[in-house]
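Input: a single structure, listed below in structure tokens.
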Amino acid sequence: MIEIVEFTNMCMIQDKNKVLVIDRKAKDWPGITFPGGHVDPGEPFTDAVIREIREETGLYISSPQLCGIKDWTEDNVRYVVLFYKTDTFDGMLQSSDEGDVWWEEIDNLSNLKLSPDMVDMLRVFTEDNLSEFFYRFDGEKWAYDLK
């Protein structure tokens with residue numbers, strides 16, 4: 001069976017004990033999260049995350065490492081968010097139309113107004129035994145599993 005799939009990405013950029021966050025203005029998933037965005041048709045996944053980070057933050061990242069995924073199916077489309085992380089970057093930090101960006105202590109993230117489910121998504125970025133954040137509709141509401 002063939003599925004229709006839409007790919008996006010998200011990247012945790014780390015500088016010692018701080019991570020780069022964005023306060024997303026988008027109404028579909030507002031709140032504080034990591035920067036990222038859509039993969040263009042035919043675009044290599046790694047090139048897409050590098051491009052999206054540059055567009056949203058002004059930083060040039062290198063050596064992003066795939067560390068997990070978030071996925072779900074809705075309206076017969078499977079959505080896949082590729083999770084990357086890196087500590088290699090250059091450039092001057094600047095906010096964009098997507099939202100304000102800043103460096104935040106990783107231990108303080110839970111005290112911020114994070115995007116929905118971001119606290120558990122962060123576990124996929126930071127815990128080696130997890131690689132998937134899977135949303136499922138249980139008949140009445142959305143739930144998720146960490147795998």
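Look at where the Cα atoms of the stretch 77-121 and of the stretch 18-50 average out, and the two centres are 8 Å apart. Going toward the positive end of the dipole of the chain, with +1 on Lys and Arg Cβ and -1 on Asp and Glu Cβ, which of Thr46, Met121, Leu82 do you reach last? Of Thr46, Met121, Leu82, it is Met121.
What is the order of Lys27, Lys113, Lys18, fewest Cβ neighbours within 10 Å to most? Provide the component values of the computation, followed by the final result.
Numbers: Lys27 6, Lys113 9, Lys18 15.
Ranked by crowding around the Cβ, least crowded first: Lys27, Lys113, Lys18.
For a quick check, take a GNM of the chain with Cα springs below 10 Å and name the residue from Asp120, Asp97, Asp28 with the largest mean-square fluctuation. Comparing Asp120, Asp97, Asp28 in the GNM, the peak value goes to Asp28. Each of Asp138 and Asn17 was given a label point 7 Å from its Cα along the Cα-to-Cβ line. The distance between the two points is 3.7 nm.
Remark: the stretch 4-146 carries a charge dipole of roughly 140 debye about the Cα centre, counting +1 on each Lys and Arg Cβ and -1 on each Asp and Glu Cβ.
Placing pseudo-labels 7 Å out from each Cα toward the beta carbon at Ser95 and His38 gives an inter-label distance of 2.4 nm.
Applying a 10 Å radius around every beta-carbon, put 135-141, 55-61 in order of their mean neighbour count, most first. Could you put the intermediate results ahead of the total?
Details: 135-141: 9.0, 55-61: 19.0.
Top of the packing list down: 55-61, 135-141.
Helix 45-57 axis versus longest C-alpha principal axis of the chain: approximately 50°, rounded to the nearest ten. The simple spin-label model puts a point 7 Å past each Cα toward its Cβ; for Lys25 and Met1 those points are separated by 4.0 nm. Residues in the stretch 59-76, backbone N under 16 Å from the label point at Asp145 (7 Å along the Cα-to-beta-carbon vector): list them, ranges by number please. Inside the label zone: 69-73. Fewest neighbouring Cβ atoms within 10 Å first, the residues Val21, Val80 line up as Val80, Val21.
How much FRET efficiency would the formula 1/(1 + (r/R0)^6) give for Asp87 and Lys113, where r is the Cβ-Cβ distance and R0 is 25 Å, rounded to 0.05?
Working: r = 25 Å, r/R0 = 1.02.
E(calc), rounded to 0.05, equals 0.45.
Throughout, read-outs are computed from the coordinates displayed, never taken from laboratory work. Everything numeric here is computed off the predicted structure, so don't read it as measured data. Please note: Cβ atoms are built from the backbone with ideal geometry, for glycine as well, and neighbour counts cover all protein chains shown.
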